[in-house]
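In what follows, a single structure is set out as structure tokens and then discussed.
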Amino acid sequence: MPRSKFTVTAYQFDVLQMLCPPEQLTVSEWAEKYRILDSRSSAMPGKWNNSITPYLVGIMDEFNNYETEVIIFCKPTQVGGTEVLQNMVGYTVMQDPSPTMIVYPTDVLAKSISENRLQPMLKAVPEIKKRFDENSAMLELQFDGMYLSLAGSNSPSGLASKPIRILMMDEVDKYPGASSREADPIKLAMERTKTFHNRKIFLTSTPTIRNGHIWRAKEEADIEKHYFVPCPHCGEYIEFIFKNIRFPDDENMSYADRAEVAAYVCQKCGCIVTDNDKHGMLRLGEWRVVRHNTRYARTVAFWSNTLYSPFVRWADIAKEFLLTKDNPEELQNFTNSWLAEPWEDTKLKTNADLVMERQTELPALIVPEWAKLLTGGVDVQENSLYWTIRAWGDFLTSQNIAHGQALSFEEVDRMMNLEYMTEKGTPMIVNLCLVDSGDQTDMVYDFCASHSDYCLPSKGSSHAQLSHYKLSRINKEGSRAYGMTLVLIDTEKYKDMIAGRMKRENGRGSWMVYADCDYEYAVQVTAEHKVNVKRNGVTRQVWQKKHSHGDNHLLDAEVYAMAAADVLGVRTLHLEQEEVPKRQNPASGKEQPEEQWIIANEDWMQRGGSYGS
């Protein structure tokens, strides 16, 4: 018997529509079916087409993998990372409404993207527009069954205010780091998702430095995937890597001419892959696991570079490299934004193994015979104190003779007042110790005031100084240290000196350590490296931790010890033993006639001015 259709009213139809289960679609399928690119934000307006950027499909569909909690996309600029994020948002609104948050580097950027990119994208999809509340606030978009919150990473209150099931973070390497007052914004945002067993977290960014957010997240992921494409000649699946872009090495050709004939050489068969081959290779490509850290993967990282972009030619990449290779700042941008690799300046790069190579034959607590003074440095933390004692000789030759961690200032005082013996048994004591007053300031001032015979408070300068250190005065009313000398230290300059002298072979002018030095000390004194950082439009090199969780307390203590030696005039120690040589006849070594006369008549004044002929 044929079935007849029931006629329903409009409101009944709307209710029945709401009861319909969502379509069985992945994020990439949803994008191809519903996503509309507008002319304001896309060079190719119209319906989304997965075949244009096929490498994004695997990243989007990882969102539908119920086993995956965290998705990381480490990428170059302009390859679709933000579009992936927006497709996940559109999918969530239509297919799986849930409380969602997107975090951008700043509040200002969040407002701009909401107005100029996100809302136009969502309204361009008719099915989403029907669910959107036009009265929504700029940073709080309301939809049927869910809300979409936008926040800046510089606003801790915005990150910690509401429970979130789906968290998306864009350009995380531009987020501020953790501070003594606020937690890491990424961790703070992730805390919002703890109550959801089916949470999803998506992080994407162009990398900056090796200890930046996105590169660290990629390295710590359970699984790392790279995109492999088949060579059109041999059929082997390969990765696109920059070193396989080849161009003439003819100095008589301009950079533009050399780049224009650039081609990619397959690392398997050595055949040339042209720009025309790339698109077909991308369509047949696949994401493959290159690193697997655990059996049960919850965090999956994807990595890609500009070579995969269908909009960039080999010539464009070669030209950009040739134009930037001689300028460190521009080369860093090429490394980050084109190769999606972290920048690391190797000029002042140090490592723990280098410190272990600086061991001498002397054991701990024994002062080298060449030493002329001892200095100490103390880095003050909330729960403990890190101290070091270093011997100094001519030409800034130095050796660490002791270091450690103390739980009280009494322990530090005992170590600084011990007598340390030289190889021949001559006792020496610490001539000057500088104590960090940036933390526990009042306690440090009291300690220094009570031990002013060998101790001065110090503080790292927040700005570059003309000299390595500057002597100031404590003007804190009511403090026992009022009027006491305060040493302001340009820590960047001293870290440069330590890194430079650490590379010298043991001997004159080297920065050495005692025999059988512990490896933890070596790790701490090399816990930082120098990188390019852009602030307020100005790029400068600064020392930063290699890993945000690594300790650098003994490095800071060594900085204070070196500054103390500077205050005592360590740079001129070698002048104290220099003597003016006696004048001699270079020919015979005998006195000249006039000198012989002076010697023979030295007592002429006592003889009343008479003298012999």
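The values are calculated or read from the model by the stated rules, or taken from the named source; none is laboratory data. Since the structure is predicted, the reported quantities are computational estimates derived from the model, not experimental observations. With ideal geometry, Cβ positions are generated from the backbone for all residues, glycine too; neighbour counts draw on all protein chains shown. With ligands, DNA and RNA removed, areas are computed over all heavy atoms of the protein, side chains included. Shrake-Rupley method; radii C 1.70, N 1.55, O 1.52, S 1.80 Å.
Ligands, DNA and RNA left out, the 1.4 Å accessible surface of the chain is 51% carbon and sulfur atoms.
For the listed residue pairs K47/K162; K111/K325; K111/K546; K372/K476; K130/K162, the alpha carbons are over 31 angstrom apart in K47/K162; K111/K325; K111/K546; K372/K476.
Pairs of alpha-carbon atoms within less than 8 angstrom and 6+ residues apart define the contacts here; what relative contact order does region 365-423 have, in percent?
After rounding, I find 38 percent.
Of all complete DSSP H helices in the chain, those with a Cα span along the helix axis of 18 Å or greater and a mean Kyte-Doolittle hydropathy of -0.5 or more are 81-95, 553-567. Cross-link reach is defined here as a Cα-Cα straight distance under 17 Å, omitting same-chain residues fewer than 8 places apart; for K503 the lysines meeting it are K347, K349, K493, K495, K530. Amide H contacts under 5 Å for K268: none, restricted to partners 5 or more places along the chain or on a different chain, H placed in the peptide plane at 1.01 Å from N.
What trypsin sites (Lys or Arg not before Pro) does region 275-318 have in DSSP loop regions with at most 11 other beta carbons within 10 Å? Sites meeting the loop and neighbour criteria: R295.
For region 166-304, the per residue solvent-accessible surface stands at 51 Å², with DNA, RNA and ligands left out and a 1.4 Å probe.
Within the straight-line cut-off of under 20 Å between alpha carbons, the aspartates and glutamates reachable from K33 are E23, D61, E62, E83, D96, E127, sequence neighbours fewer than 8 places apart in one chain being disregarded. An ellipsoid equivalent to region 419-532, defined through the eigenvalues of its Cα gyration tensor, has semi-axes of 29, 22, 13 Å when rounded to whole angstrom and sorted largest first. Rounded to the nearest 20, the size of the Cβ-charge dipole of the chain about its Cα centre is 2040 debye, with Lys and Arg at +1 and Asp and Glu at -1. In vacuo Debye scattering of region 110-220, one point per C-alpha: log10 I(q)/I(0) at q = 0.17 Å⁻¹? After summing over all Cα pairs, the log10 values are -0.92.
The alpha carbon convex hull volume per residue for the chain rounds to 293 Å³. For the chain, adding -39500 (n - 2.57) for each run of n ≥ 4 DSSP H residues and dividing by the number of residues yields -8000 deg cm²/dmol at 222 nm.
Taking 0.36 nm per residue of separation and subtracting the current Cα-Cα distance, fully stretching the chain between V108 and L354 would add 84.1 nm. In loop segments of region 355-440 as defined by DSSP, the trypsin sites (Lys or Arg not before Pro) with at most 15 further C-beta atoms inside 10 Å of their C-beta are K424.
Accessible surface for region 454-568, divided over its residues, is 47 Å² per residue with a 1.4 Å probe. 3J(HN,Hα) along region 226-233, derived from phi through the Karplus expression 6.51 cos²θ - 1.76 cosθ + 1.60 where θ = phi - 60°, amounts to 10, 8, 10, 10, x, 5, x, 9 Hz, with x in place of Gly and Pro. Residue-wise HN-Hα couplings along region 124-133, as the Karplus relation 6.51 cos²θ - 1.76 cosθ + 1.60 with θ = phi - 60° gives them from phi, are 6, 9, x, 5, 7, 4, 5, 8, 8, 8 Hz; Gly and Pro carry x. DSSP beta bridges fully contained in the chain are about 55 percent antiparallel. Projected onto its three principal axes, the C-alpha set of region 398-448 covers 41, 20, 19 Å, listed from the longest axis down.
Over the C-alpha atoms of region 234-361, the Rg to Rh ratio, Rh being the Kirkwood estimate, stands at 1.07. Note on region 329-477: percent of Cα-Cα distances in each 5 Å bin, starting at 0 and stopping at the bin with the largest distance, equals 2, 8, 14, 15, 15, 15, 11, 8, 5, 4, 2, 0, 0. Summarising the overall dimensions of region 68-160 from its C-alpha atoms, the Rg and Dmax are 13.2, 36 angstrom.
By DSSP, what percent of the beta bridges with both residues in region 1-150 are antiparallel, rounded to the nearest 5? Here the antiparallel bridges make up roughly 75 percent for region 1-150. Mean projected area of the Cα convex hull of region 1-159, taken over all directions, amounts to 12.8 nm².
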